[in-house]
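The next block holds one structure in the form of structure tokens; read it before the comments.
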Amino acid sequence: MGDILLSIRGLKVYYYTLTGPVRAVDNVSMDVYKGDWVSVVGESGSGKSTLALAIMGLVPPPGRVVGGSIVLDGIDLTRLEREELRKIRGSMIGMVFQDPMTALDPLRKVGDQIADVYLEHGVTDDREEARMMAREALEAVGVPGDRVEYYPHQLSGGQRQRVLIAAAIALKPKLLIADEPTTALDVIVQAKIMDLIDELRRKMGMSVLLITHDIALAAERSDRIAVMYAGKLVEYGRVDEIVEDPLHPYTEALLASAPDLWGPREIKGIPGNPPDLRDPPTGCPFHPRCPLAKPVCREKEPRVTIINGRVVACHLHG
């Protein structure tokens, strides 16, 4: 199974609003092993992106981590001061954000933005040397080195995403978090970006945590899949087990909603809507949409059960 790189235990991240706390991540526990590709899947509002931001120490106000631990290679990130976290970001954890046009400064050349990574972390104090490193970083992700002189708007969507990847891996982090990195890209460019991330993972020996709503993409790329619903981890396991024998009805519904390219199959939508996390339903949060719900599902929250190494939170497997 390998060594654990990232261990999350009992993580709670709440956003405090005038109408009550939004339990965006609620008592989530999971492990990411060294060299693994783990995909976190779920509908919008399931808590996937908040989980990623919590690992990075970037949860925006009015949100904050209110409980649990995030241990990366023996370091509990929840106990670090702001300056200590800033040093961790980039050196041990890299992150590729969803929209490169908002993640990149439109008024600065992309080479200068990548060079900032080397300057801020003390790799060099010479800007020209840092720009040469930025050129090499771009070439490493398949972008011509002369693009260091380009502004973001002069690049294609795929090239902008590669610039973000170059900045994220510049210091060879142990963990790369990619939050919906291909949302605005066509399927051909999407595949190339995913191939690039996988190639870099294997070459550098880093782990990848992919945040995505696309369970088909997750099934194609991942070693393990974590399924989130209403801020909770409802299933986690090896990709082959998740795809071939989903234990949680929500995981099964997600798989049924994805097209099958290898044969005819009816695509089924998931009825209803995700719950309001300020006032989630009693019992299992999925029970209002679950075709297998029993009275106990409405009354009692299911406990997390481990079955042959797989994690599931469902009364069907209590």
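The values are calculated or read from the model by the stated rules, or taken from the named source; none is laboratory data. The shown structure was predicted, so the numbers you read here are calculated from the model rather than taken from an experiment. Note: ideal-geometry Cβ built from the backbone for every residue, glycine included; neighbour counts use all protein chains shown.
Only residues that are within 16 Å of Arg224 (Cβ to Cβ) and part of a helix (DSSP H, G or I) were counted across the range 36-51, and they come to 2. In this entry, Glu241 passes the filter for residues that are more than 19 Å from the chain's Cα centre (by Cα) and part of a helix (DSSP H, G or I). Within the range 184-205, restricting attention to residues that are surrounded by fewer than 16 Cβ atoms within 10 Å (Cβ to Cβ) and not in a helix (DSSP H, G or I), the residue that is modelled with the lowest pLDDT is Asp186. Only one of the listed residues (Gly90, Gly63) is under 17 Å from Ala168 (Cβ atoms), touching a helix residue (DSSP H, G or I) at 6+ places or on another chain (Cβ under 8 Å) and surrounded by 19 or more Cβ atoms within 10 Å (Cβ to Cβ). That residue is Gly90.
Every residue, every condition in (1) farther than 23 Å from Ile197 by Cβ; (2) of a type outside the set (Ser, Thr, Tyr), yes or no:
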position	(1), (2)
Arg224	no, yes
Val227	no, yes
Gly231	yes, yes
Asp240	no, yes
Asp245	yes, yes
Ala253	yes, yes
Ser257	yes, no
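Out of the range 106-126, which residues are under 23 Å from His153 (Cβ atoms) and not in a loop (DSSP other than H, G, I, E, B)? Answer for the range 106-126, where residues must be under 23 Å from His153 (Cβ atoms) and not in a loop (DSSP other than H, G, I, E, B): Val110, Gly111, Asp112, Gln113, Ile114, Ala115, Asp116, Val117.
Answer yes or no: is there a residue in the range 5-20 that is over 30 Å from Gly272 (Cβ atoms) and free of Cβ contacts under 8 Å to residues at least 40 places away in the same chain. No.
Does Val38 meet the test of being farther than 27 Å from Arg310 by Cα, in contact (Cβ under 8 Å) with a residue 40 or more places away in the chain and either touching a helix residue (DSSP H, G or I) at 6+ places or on another chain (Cβ under 6 Å) or surrounded by 20 or more Cβ atoms within 10 Å (Cβ to Cβ) (or both)? No; evaluated as a whole, the condition is false for this residue.
Search the range 278-309 for residues being touching a residue at least 40 places away in the same chain (Cβ under 8 Å) and over 15 Å from Pro249 (Cα atoms), and hand back the single one that is surrounded by the most Cβ atoms within 10 Å (Cβ to Cβ). It comes out as Pro280.
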